[in-house]
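S.K.: Take this structure, written in structure tokens, and hold onto it; I'll ask about it next.
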Amino acid sequence: MDSKRKEQSIAAVLLTRAHEPDEANRIFTEKVQQRPLFLAPSSPPRSDARAARRRAQQKKTQARKKALKPKPLSAAQRRKLGLYDIPREGQKYALFVPLHNLWLGYIRELLGPEIYTGGEGAAAKLCSADFHGGEVEVVRSGCVSRVGIKGIVVKDSRFAFEIITPKNHLKLVPKEGTVFRLQVPAQPAVTTTTTTKPDGITENQETDRAVAKESDTHDPPPSMAFEIHGEQFRFRSADRASKKFRAHFSKKL
Amino acid sequence: MLPFSAPAVYQASKCFVTYGVMGHLDPKQPPSKSKPWTTLASQDFIHRADLIIPQQAYEAVQDVLIKDKPAPQFKRVFMSLADILADNFLEEYIKKRNIMMLSEGRRGIDNVFALRQGTLTMFLDKEAYERAGLVGKPHGVKGKRGLKPRWVVEFDLTASSMFPGKKGFDRLVYASKNALSTPLTWLFCSISDDTPMPDPLDRHHPTTLSTTPNVSQGINALTPTLTPSVDSIGSGGEAREEFESFCTELYEWLSLVRLGSPRIQPGDQIDPYLCRYHVPGEENQQSQQLLCKINWQGFLAPSWARQTLIDIITALPSKTWFSFSTTTFSKGMAGDNAECTFLRPQDSSPVEYILWEVKGHE
């Protein structure tokens, strides 16, 4: 009896503590003594040719489906194709001035009478406005060499503005830590149009003659100036249209 | 001395004491290379200067310092930085002549501008610096900079690149028009003698002020011994400590005389609960003397201080002791300033001197 007890393994002893002797015995024989020992436990089940063919076919259809789905270009592809670069002949400030005038008209239309009063409503509308063609000036920046850059926005990407300066330089100004200032005159500027009469004499017509006379004697025409905090503005112009902006206290300011 | 960089942590004001011997003073060639003179020149804008002499020496200096010497003039003017960079002012005053200017404000708190020896130094806070767009260096103790660092920007306006039309100068003008455009009160002092004929400063209506010396005579004071015992300083140890305590107490006494304190008067009875000051030295070493104090207060140049010291040394008889101190404008938030006190001891060789130099943190 004693020798039998000594021969009992430790697993059997522990099992007798938890279960009834018959149960313990059964568990010991089935799960411990007759435990199956896998020779190659993690190798996958051997596939036959049929399964292999089926898998190859599935992979092919999935790849084809994926290739057919339209996908946007990756950043590297974009840079390589140079789709969004402005060609050297196009980097002229004069070319973008008509765009700027269009933009001024767009902003005046967007703001309406709020261009005179400013305030929350005007700010909300401006937040969702598009700034391509706006004339910006960098007014404050953590990187001091950017201060003073002035020009027309030709590209408004997620993290930067691409600006063309009057000297025909294209500058990429990151939005981080930078404050931009834009100015929109409330009235369209006085325009002079030349009309050629049939006998070839050109005549200048001045529109808004009364406005011109007024502006000679009074201050420059009223304009609305606003500043954009680039830190809070790091969204693509398309994404900004539906975004609600909340005022955040910036640690850097 | 090894050149040490600016301290990274805040350091309290320090006082450096020098006991030395002056070289021979040649009135035609004012000295500038040796110790008391370099200390005087290293101060930037002097606010106050005091001279303490025994009463009997007053007649000797009266003519030289008060009657014959022209009182230094300075002007107070209200203008903006853009006015200083305007063509005529820049050319007439900054490029051709030597001037110094200081704007209102305290350095750790407001935006302060200082112009000295052709260098414009601007102490700006973070917003002004970022709006100005000029390259500068961080200013202030490293530990205190944190999220809102302060900056100092320097420009050498006498350089050949500082003309309108050049890029660097145009950036400075842009900054002066946009970010630093508020007009401030400035103190202006011209170190060169001549003034330009159509004075560019007249447009801003300056107020001219002159620093006439203030004389207080017949100060009855209990004077300690004014001669240091320097025989055994070199051997170090106790003699050195004794000299240190002698200098400290003597400096304290001189400061009390400058302040016009009643504690130095003989027979001063004050409750020891309020003040425990005693004139240094034993009873037999103290003497009762009549002193005379001459005080200049204004916007003074270090070259004026140097010339005044030379005049004093040449005017006074060689055995008379005197003390000349200059104090600068305060720099930091705490308002402490740099100071330099020069004492020629009594009963010593006329070329010996003790120099106390108090250097602030900034």
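S.K.: Using the heavy atoms of the protein chains and a 1.4 angstrom probe, tell me the accessible area per residue for segment B:73-210 in square angstrom. Could you put the intermediate results ahead of the total?
M.R.: Details: 6900 Å² over 138 residues.
Heavy-atom SASA per residue in segment B:73-210 reads 50 Å².
S.K.: Further question on the same structure: Can you list residues from other chains, or at least 5 along the same chain, whose modelled amide H is less than 5 Å from the amide H of residue B:329?
M.R.: B:45, B:47
S.K.: For chain A, modelled as a GNM with alpha-carbon contacts under 10 angstrom, which of A:160, A:12, A:67 fluctuates the most?
M.R.: The residue with the greatest mean-square fluctuation here is A:12.
S.K.: Using Cα positions and a limit of under 13 Å, work out the aspartates and glutamates in reach of residue A:31, with same-chain residues fewer than 8 apart set aside.
M.R.: Hits, sequence-local ones excluded: A:23.
S.K.: Under a straight-distance cross-link criterion of Cα-Cα below 18 Å, which lysines are reachable from residue A:60, leaving out those fewer than 8 residues away in the same chain?
M.R.: Qualifying lysines at Cα under 18 Å: A:69.
S.K.: What is the set of long-range amide H partners of residue B:223 at a cut-off below 5 Å, with H atoms built 1.01 Å from backbone N?
M.R.: B:287, B:288, B:289
S.K.: What is the sum of charges around residue A:157, taking Lys and Arg as +1, Asp and Glu as -1, for the other residues whose C-beta is under 15 Å from the C-beta of residue A:157? Working shown, then result.
M.R.: Values: positive: A:78, A:79, A:155, A:158, A:171, A:175, A:234, A:236, A:240; negative: A:85, A:130, A:156, A:162, A:176, A:239.
Here the charged neighbours net out to +3.
S.K.: Hey, another quick one. Could you work out the helix-only [θ] at 222 nm for chain B, with each DSSP H run of four or more residues adding -39,500 (n - 2.57) and the total divided by the number of residues, to the nearest 500 deg cm²/dmol?
M.R.: Values: 8 runs with 75 residues, N = 362.
Value at 222 nm, helices only: -6000 deg cm²/dmol.
S.K.: Separate question: Take peptide A:144-150, look around each residue's Cβ out to 10 angstrom, count Cβ atoms belonging to other protein chains, and average those counts. Don't skip to the end; give the middle numbers.
M.R.: On the way: counts 12, 4, 2, 11, 7, 1, 0.
Average neighbour count from other chains, rounded to a whole number: 5.
S.K.: Working with all protein chains in place, sort B:53, B:66 by solvent-accessible area computed with a 1.4 Å probe, largest first. Provide the component values of the computation, followed by the final result.
M.R.: On the way: B:53 0, B:66 50 Å².
Result, largest first: B:66, B:53.
S.K.: Kindly state, to the nearest 0.05, the FRET efficiency for residue B:181 paired with residue B:239, given R0 = 45 Å and r defined as their beta-carbon distance. Display every interim value, and only then the final one.
M.R.: Values: r = 60 Å, r/R0 = 1.33.
E between residue B:181 and residue B:239, to the nearest 0.05, is 0.15.
S.K.: Give, ordered by residue number, each residue of segment B:174-189 whose 1.4 Å probe accessible area is reduced by a minimum of 10 Å² on adding the remaining protein chains to the chain alone.
M.R.: Those are B:174, which lose 10 Å² or more relative to the chain on its own.
S.K.: Relative contact order of chain A, please, whole-number percent, based on alpha carbon pairs below 8 angstrom and at least 6 residues apart. Please list the in-between numbers first.
M.R.: Working: 269 pairs, mean separation 37.2, N = 253.
For chain A, the relative contact order is 15 percent.
S.K.: Compute the Cα gyration tensor for chain A, then decide on rounded, prolate or oblate, letting a ≥ b ≥ c be the square roots of its eigenvalues: rounded whenever a/c is under 1.5, prolate when a/b is larger than b/c in the other cases, and oblate in all that remain.
M.R.: prolate
S.K.: Send over the Kirkwood Rh of the protein assembly as shown, from the inverse of the averaged 1/r over different Cα pairs, rounded to one decimal Å.
M.R.: Numbers: mean 1/r = 0.0302 Å⁻¹.
Computed over Cα pairs of the protein assembly as shown, the Kirkwood hydrodynamic radius comes out at 33.1 Å.
S.K.: Which entries in the list B:95/B:177; B:142/B:167; B:137/B:177; B:35/B:96; A:167/B:167; A:171/A:243 go over 23 Å, if you measure between the two C-alpha atoms of each? Don't jump to the answer; show the numbers that get you there.
M.R.: Details: B:95/B:177 21 Å; B:142/B:167 32 Å; B:137/B:177 21 Å; B:35/B:96 30 Å; A:167/B:167 14 Å; A:171/A:243 27 Å.
In this structure, B:142/B:167; B:35/B:96; A:171/A:243 exceed 23 Å between Cα atoms.
S.K.: Hey, another quick one. In the full protein assembly as shown, how much of residue B:194 is accessible to a 1.4 Å probe, in Å² to the nearest 10?
M.R.: 80
S.K.: Specify, per residue and in Å³, the volume enclosed by the convex hull of the alpha carbon atoms belonging to segment B:178-219. The partial results should precede the final answer.
M.R.: Working: hull volume 6.8 nm³, N = 42.
Dividing the Cα hull volume of segment B:178-219 by its residue count gives 162 Å³.
S.K.: Please list, in order, the residues from segment A:38-59 whose amide nitrogen is less than 15 Å from a point placed 7 Å along the Cα→Cβ vector of residue A:65.
M.R.: Correct set: A:55-59.
S.K.: Apply the Kirkwood formula to chain B: the hydrodynamic radius equals the inverse of the mean of 1/r over all pairs of different alpha-carbon atoms; give it in Å with one decimal. Walk me through the intermediate numbers first.
M.R.: On the way: mean 1/r = 0.0438 Å⁻¹.
Radius from the Kirkwood sum: 22.8 Å.
S.K.: Tell me the relative contact order for chain B as a rounded percent, counting alpha carbon contacts under 8 Å between residues six or more apart. Each step should come with its number before you reach the end.
M.R.: Numbers: 631 pairs, mean separation 116.5, N = 362.
About 32 percent, as a whole number.
S.K.: Within a Cβ distance under 13 Å of residue B:104, other residues only, what is the Lys/Arg minus Asp/Glu net charge? Spell out each step's value before the answer.
M.R.: Working: positive: B:76, B:106, B:107; negative: B:110.
For residues surrounding residue B:104, the net value is +2.
S.K.: Something else now. Over all residues in B:121-131, what is the mean tally of Cβ atoms on other chains that come within 10 Å of each residue's Cβ? Before the final figure, lay out each step's value.
M.R.: On the way: counts 0, 0, 0, 0, 0, 3, 2, 1, 4, 13, 6.
Per residue, the average neighbour count from other chains is 3.
S.K.: At q = 0.09, 0.17 Å⁻¹, what base-10 log of I(q)/I(0) does the Debye formula yield for segment B:73-210 when every alpha carbon is treated as an equal point scatterer in vacuo?
M.R.: The computed values of log10 I(q)/I(0) come out as -0.27, -0.93.
S.K.: Rounded to the nearest 500, what is chain A's calculated 222 nm mean residue ellipticity when only DSSP H runs of at least 4 contribute -39500 (n - 2.57) each, over all residues? Let's see the in-between values first.
M.R.: Values: 10 runs with 93 residues, N = 253.
After summing the helix terms and dividing by residue count, I get -10500 deg cm²/dmol.
S.K.: Moving on. Roughly what would the spin-label model give for residue A:247 and residue B:67, points 7 Å off Cα along C-beta, in nm?
M.R.: Label at residue A:247, label at residue B:67, 7.1 nm between them.
S.K.: Compute the longest continuous run of chain B that contains no exposed trypsin sites (Lys or Arg not before Pro); treat a site as exposed when its DSSP state is not H, G, I, E or B and it has at most 13 other Cβ atoms within 10 Å. Don't skip to the answer; put the middle values down first.
M.R.: Values: sites that count: B:28, B:33, B:96, B:166, B:276, B:319.
It runs B:167-275.
S.K.: Taking each residue of A:175-181 in turn, how many C-beta atoms of other protein chains fall within 10 Å of its C-beta, and what is the average?
M.R.: Numbers: counts 0, 0, 1, 1, 2, 0, 1.
Counting Cβ atoms of other protein chains within 10 Å of each residue's Cβ and averaging gives 1.
S.K.: Sticking with this one: From Cα pairs below 8 angstrom and at least 6 apart in sequence, can you work out the relative contact order of segment B:57-170, rounded to a whole percent?
M.R.: 18
S.K.: Go through segment A:51-101 and name the trypsin sites (Lys or Arg not before Pro) that are in a DSSP coil and have 13 or fewer other Cβ atoms within 10 Å of their Cβ. Intermediate values should be presented prior to the final figure.
M.R.: Details: sites: A:53, A:54, A:55, A:59, A:60, A:64, A:65, A:66, A:78, A:79, A:80, A:88, A:92; in loops: A:92.
Passing both the DSSP loop test and the Cβ count: A:92.
S.K.: Just to confirm a number: summing +1 for Lys and Arg and -1 for Asp and Glu over residues other than residue B:207 whose beta-carbon lies under 9 angstrom from that of residue B:207, what do you get?
M.R.: Details: positive: B:75, B:76; negative: none.
Around residue B:207, the charge tally is +2.
S.K.: I'd like the distance between the alpha-carbon centres of segment B:273-293 and segment A:83-126, rounded to an integer number of Å.
M.R.: Comparing the Cα centres of segment B:273-293 and segment A:83-126, I get a distance of 79 Å.
S.K.: May I pose another question? Can you list residues from other chains, or at least 5 along the same chain, whose modelled amide H is less than 5 Å from the amide H of residue B:150?
M.R.: Correct list: B:139.
S.K.: If you average the alpha carbon positions of segment B:109-152 and of segment B:328-362, how far apart do those two centres end up, in angstrom?
M.R.: 28
S.K.: What is the diffusion coefficient of segment A:94-160 in µm²/s, taking the Kirkwood radius over Cα pairs and the Stokes-Einstein relation at 25 °C with a viscosity of 0.890 mPa s?
M.R.: D, rounded to a whole number, is 184 µm²/s.
The values are calculated or read from the model by the stated rules, or taken from the named source; none is laboratory data. Quick caveat, the model's predicted, so the values are computed rather than measured. All Cβ positions, even for glycine, are placed from backbone atoms using ideal geometry, and neighbour counts span all protein chains on display. We work out accessible area using only protein heavy atoms, side chains counted, and drop any ligands, DNA or RNA first. Shrake-Rupley method; radii C 1.70, N 1.55, O 1.52, S 1.80 Å.
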